[in-house]
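The values are calculated or read from the model by the stated rules, or taken from the named source; none is laboratory data. Predicted model only: the values in this text are computed from it and were never measured. Note that we place each Cβ from the backbone using ideal geometry, even for glycine, and neighbour counts take in every protein chain shown. All accessible areas refer to the heavy atoms of the entire protein, side chains included, with ligands and DNA or RNA removed. Shrake-Rupley method; radii C 1.70, N 1.55, O 1.52, S 1.80 Å.
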Amino acid sequence: MIGIYLSGTGNTKYCLNKLTRALDENSAVYALSLKEEENIVNEIKNNDTIFLAYPTQFSNCPYYIRDFIKRHKDIWKDKKVFCMATMGLFAGDATGCAARLLKKCKAKIIGGVQLKMPDAVCDSKLLKKSVEENRKIILEADKRIKEIANIIKEKNIYPKEGLGFLAHLAGLFGQRLWFYSKTKGYSKKLKINSNCIGCGMCANGCPMNNLKLVEGKMVIFGKCTMCYRCITNCPKKAITLIGKEVIEQCKIENYLPNNE
Ligand SMILES: Cc1cc2nc3c(=O)[nH]c(=O)nc-3n(C[C@H](O)[C@H](O)[C@H](O)COP(=O)(O)O)c2cc1C
Ligand code: SF4
Ligand code: SF4
């Protein structure tokens, strides 16, 4: 079994690590990025069971996840796949969005889970919580992950959150119909303002190689999968995507005790 994740502010990485370690402490977990794709494709080919995890975006899965599945459609045949989506409030059928694509690629979907975590949208006031509230949300997620791991280990029963017909309707009518344009492709809306000091930190962490430092200036290539990693890590809060200014850099480390 292996885990593969896309994670901007760290929530999905955190949850996937907890679940896979609880199930098998030797399991390997890989961050999906264009740079690592070839390696990850090989890992998928060499393993039977894949835990695929990503943040919910407008009750959908991020475009890069869908693009990755489709570009490598032949590697999924007969793989057992568990889909995990983290969310700020309402996921609808975020797991189902990847699961349906994977089924078309002949994967067997063994289950899905949608976990509430702190909100990742750094440039919006919506859904923002205090540090204490976010800590509680993470503790709840920890508890659920433990319960899920126990049921899987003891009874071989996997949750099926987001995979059924009702969840499909909830995701579709709750959000996707109205916001589909936001996730139908890579975003070209990322902006960098004049506070940028050209440190290049944003480029280093981008899973899409969407940013490059050229002669001291950042260039944006229009292939953003809206993960918010650059936005949450920029020391000058110079990057925005959905909103106009950075309200809070939402990385999970801000809400964890020091030793996690
Ligand atoms: C562009 C964008 C869209 C989002 N849409 C939703 C949504 O529809 N429903 C929801 O509950 N959370 C939504 N969120 C919140 C994230 O899914 C949530 O914070 C997630 O845990 C972030 O995971 P990460 O830290 O691994 O990137 C959205 C976040 C982003 C960046
Ligand atoms: S991390 Fe921020 S300051 Fe550094 S290059 Fe990127 S946008 Fe500029
Ligand atoms: S440009 Fe920023 S938000 Fe977009 S994919 Fe790269 S790191 Fe994520």
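Observations on the model:
- In sequence order, calculated HN-Hα J values of region 205-215 (Karplus, 6.51, -1.76, 1.60; Hz; x Gly/Pro): x, 6, x, 9, 6, 7, 10, 9, 8, 10, 6
- In this simple spin-label approximation, PHE165 and ASN258 carry label points 7 Å from Cα along the Cα→Cβ vector, and these lie 5.5 nm apart.
- What separates the Cα centres of region 58-74 and region 145-185 is a distance of 15 Å.
- Region 2-183: C-alpha gyration tensor shape, a/c 1.5 cut-off, then a/b vs b/c: rounded
- Phi-based couplings in Hz for region 46-52 (Karplus 6.51, -1.76, 1.60; Gly and Pro marked x): 8, 10, 8, 10, 10, 9, 10
- Residues SER124, SER59, ordered by accessible area of protein heavy atoms at a 1.4 angstrom probe radius and largest first, appear as SER124, SER59.
- Accessible surface, 1.4 Å probe, highest first, among residues PHE51, PHE173, PHE90, PHE58: PHE173, PHE90, PHE58, PHE51
- 222 nm mean residue ellipticity, helices alone, for the chain (DSSP H n ≥ 4; -39,500 (n - 2.57); rounded to 500): -10500 deg cm²/dmol
- Length-normalised contact order for region 129-260 - Cα pairs under 8 Å, 6+ apart - percent: 22
- For the options VAL246, VAL131, VAL81, a Gaussian network treatment of the chain with springs between C-alpha atoms closer than 10 Å singles out VAL131 as fluctuating the most.
- Accessible surface ranking for TRP178, TRP76, 1.4 angstrom probe, highest first: TRP178, TRP76.
- With every protein chain in place, the chain: carbon and sulfur % of accessible area (1.4 Å): 52
- Overall form of region 90-192 per C-alpha gyration tensor (a/c, 1.5; a/b vs b/c): oblate
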